[in-house]
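What follows is a short report on a single structure.
The values are calculated or read from the model by the stated rules, or taken from the named source; none is laboratory data. Nothing here was measured: the structure is a model prediction, and the numbers come from that model. Neighbour counts run over all protein chains shown; Cβ positions are idealised from the backbone, glycine included.
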Amino acid sequence: MKENTMIQVDRVSMRFNLGIEKNFSLKQFFIDLFSPKRRKQKKKNSEFWALKDVDFDVKRGEVVGFVGSNGAGKSTLLKVVAGVMKPTKGKVKIGGNICPMIELGAGFDMDLTARENVYLNGSVLGYSREFLDSKFDEIIAFSELQDFLDVPVRNFSSGMVARLAFSIATVVDPEILIVDEILSVGDINFQQKSEKKMRNMIGGGTTVLFVSHSIEQIQKLCDRVIWLEHGQVVKIGKPKEICKEYLEFMKNK
């Protein structure tokens, strides 16, 4: 990997099998068995390439934003970079520890209390019990959930779950932060507090990959923007330039 490079995405492609034909019968099995051409065509029709030859590097301390239509492959790409998914083709090289904020609350047990989920979710993120003990008050203070510590998370609103998850995930300053739409959760005050927290992390030298439908946030926070459509990179460049072209594209779509 090149010097000063934190993330290297090398011709990454990601294929999913949609399983379009769900109706199955013994008769259909034998028809497919003795018809290789039909079997091959069915397999081809059920394949969906979410990413196709995606290629880019991210430097240390750089904030890179992603824009694109719904289904363009943005979230899939972040999951591949975070190691949640293994690409069908290509490679991803990482030069530091990652904090992925992709699906907030995914590591929670809804039957456990907020207090218990701090330790459960923290352990999923790799934090020790001792570390969580030392940071517990800080996590709860940031989440503003002091009055709900012993309430099962299943009784929380989605905004409350997001606040708790964000507070746990950002209690450390990772070298690489992966953010997928999380700054749009919770009320206005928490959104502003989350953005301020992320700005502090960026100011401390954290490398950030950031997906948001808010063009304003993308322009405000990012050094570069990557525009994706149909799993492919359309263009990479300065936020103002790329966002302007993307908005014109969406207007004429």
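Taking (1) over 20 Å from I102 (Cβ atoms); (2) among the polar types (S, T, N, Q); (3) in contact with a strand residue (DSSP E or B) (Cβ under 9 Å, 6 or more places away or on another chain) in turn, N155 satisfies each apart from (3). For segment 119-165, residues that are out of contact with any helix residue (DSSP H, G or I) (no Cβ under 8 Å at 6 or more places or on another chain) and among the aliphatic types (A, V, I, L, M) total 3. Residues of segment 180-206 that are over 17 Å from the mean Cα position of the chain (by Cα), at pLDDT below 80 and crowded, with 20+ Cβ neighbours inside 10 Å: G186 alone. Taken over segment 97-138, residues that are within 17 Å of the chain's Cα centre (by Cα) and farther than 13 Å from F166 by Cβ amount to 3. Checked against the criterion of being in contact (Cβ under 8 Å) with a residue 40 or more places away in the chain, among the hydrophobic types (A, V, I, L, M, F, W, C), touching a Cys at 6+ places or on another chain (Cβ under 6 Å) and buried (at least 21 other Cβ atoms within 10 Å of the Cβ), the candidates L209, L177 yield just one match: L177. Quick check, is I236 of a type outside the set (F, W, Y), surrounded by 21 or more Cβ atoms within 10 Å (Cβ to Cβ), in contact (Cβ under 8 Å) with a residue 12 or more places away in the chain and within 30 Å of F48 (Cβ to Cβ)? The answer is no for I236.
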